[in-house]
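*Asks:* Right, I'll just put the structure down here and ask away after.
The values are calculated or read from the model by the stated rules, or taken from the named source; none is laboratory data. All values derive from a computational prediction rather than experimental measurement. Here the Cβ positions follow ideal geometry from the backbone for every residue, glycine too, while neighbour counts run over all protein chains shown. With ligands, DNA and RNA removed, areas are computed over all heavy atoms of the protein, side chains included. Shrake-Rupley method; radii C 1.70, N 1.55, O 1.52, S 1.80 Å.
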Amino acid sequence: METQWLDSNLKIVETLNVPYKLVHWDHWLEQEEFSETLREYKLLYDSNNLFQSSLTEDLNRFVNKYYNLYSNYVSKEAFVNNCVNLLLEEFSVWSIIGRTGSYIKIYPAKSLKTANILSEGKITAPKGIANITFAKVSFKKRGSYREPSSTY
């Protein structure tokens, strides 16, 4: 299991003054409701123009930025399809998580337009996603890390 990010950032995460729990992704993929939730997102992608267009817009930014790194290994069509499948998987997992309570999903990048549309209830999506708030977090400023002060 890949733990490079966690190994590099756990010291920073441990300084948080809010409750948190680290759960590996595979835990969610093994949940009983995962397959059905993923199927629902695939149907939503095939049938809802707003969902499909916002997902395409989000993916275009990513593909335009990163495809050149993989162009020798995979066609652009396959790369895009893999990205779509990954996002549908992520939304499925966040829906399952959202069924257990309200959470903030923090990520060190700008939130996806599609994630915001789903969490704001602008699209009828699988149950749970509306309980997730998507937010950007930055642990570092310009590559530097400062030890937390004990006088906060």
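*Asks:* Report the relative contact order of the chain, percent, no decimals, based on alpha-carbon pairs under 8 angstrom and at least 6 residues apart. Let's see the in-between values first.
*Replies:* Details: 127 pairs, mean separation 35.7, N = 152.
Computed value for the chain: 23 percent relative contact order.
*Asks:* Per the helix-only calculation at 222 nm, which mean residue ellipticity applies to the chain, given -39500 (n - 2.57) for every DSSP H run of n ≥ 4 and division by its residues, nearest 500 deg cm²/dmol? Don't jump to the answer; show the numbers that get you there.
*Replies:* On the way: 6 runs with 81 residues, N = 152.
Calculated mean residue ellipticity at 222 nm is -17000 deg cm²/dmol.
*Asks:* Additional query: For the pair ASN9/ALA135, report the inter-label distance in nm, with labels modelled 7 Å from Cα in the Cβ direction.
*Replies:* 1.5 nm
*Asks:* Cut-off under 28 Å on the C-alpha distance; same-chain residues fewer than 8 positions from LYS65 excluded. Which lysines are left, in chain and number order?
*Replies:* Counting by Cα, and skipping residues close in sequence, LYS65 has these lysines nearby: LYS42, LYS76, LYS105, LYS110, LYS113, LYS122, LYS136, LYS140, LYS141.
*Asks:* State the percentage of accessible surface on the chain attributable to carbon and sulfur atoms; use a 1.4 Å probe and exclude ligands, DNA and RNA. Write down the numbers at each step before the final one.
*Replies:* Working: 5440 of 10780 Å².
Summing carbon and sulfur atoms, their accessible area is 50 percent of the total for the chain.
*Asks:* Further question on the same structure: Can you pull the accessible area of TYR107 for me, 1.4 Å probe, Å² to the nearest 10?
*Replies:* Estimated to the nearest 10 Å², TYR107 gives 120 Å².
*Asks:* Can you run phi through the Karplus equation (6.51, -1.76, 1.60; θ = phi - 60°) for the stretch 105-112 and list ³J(HN,Hα) in whole Hz, with x for Gly and Pro?
*Replies:* 9, 9, 8, x, 7, 4, 5, 6
*Asks:* While we're here: Calculate the spin-label point distance for ASN85 paired with ASP26, positioning each point 7 Å from the Cα along the beta-carbon direction, and give it in nanometres.
*Replies:* So the two model labels end up 1.9 nm from each other.
*Asks:* Now, a different point. Run the numbers for ASN72 and LYS122: contour at 0.36 nm per residue of separation, minus the present Cα-Cα distance, in nm.
*Replies:* Numbers: separation 50, 0.36 × 50 = 18.00 nm, distance 3.83 nm.
Extra length from ASN72 to LYS122 when fully extended: 14.2 nm.
*Asks:* Roughly what angle does helix 76-98 make with the longest principal axis of the chain, taking Cα atoms, 0 to 90 degrees, to the nearest 10?
*Replies:* Between the helix axis and the principal axis of the chain, the angle is about 70 degrees.
*Asks:* Also, I was wondering about something else. Can you tell which of LEU50, LEU69, LEU87 shows the greatest fluctuation in a Gaussian network model of the chain with Cα springs below 10 Å?
*Replies:* LEU69
*Asks:* Taking θ as phi - 60°, what are the ³J(HN,Hα) couplings along the stretch 63-71 by the Karplus curve (6.51, -1.76, 1.60), each to the nearest whole Hz, with x for Gly and Pro?
*Replies:* 4, 4, 7, 10, 4, 4, 5, 10, 4
*Asks:* Cβ under 13 Å from SER54's Cβ, SER54 left aside: what net charge do those residues give with Lys, Arg +1 and Asp, Glu -1?
*Replies:* On the way: positive: ARG61, LYS113, LYS122; negative: GLU57, ASP58, GLU120.
Around SER54, the charge tally is 0.
*Asks:* Using unit Cβ charges (K, R positive; D, E negative) and no other charged atoms, how large, in debye to the nearest 20, is the dipole of the chain about its Cα centre?
*Replies:* Value, rounded to 20: 820 debye.
*Asks:* What accessible area per residue, rounded to a whole number of Å², is obtained for the chain using a probe radius of 1.4 Å? Numbers along the way, then the final one.
*Replies:* Values: 10780 Å² over 152 residues.
Averaged over the residues of the chain, the accessible area is 71 Å².
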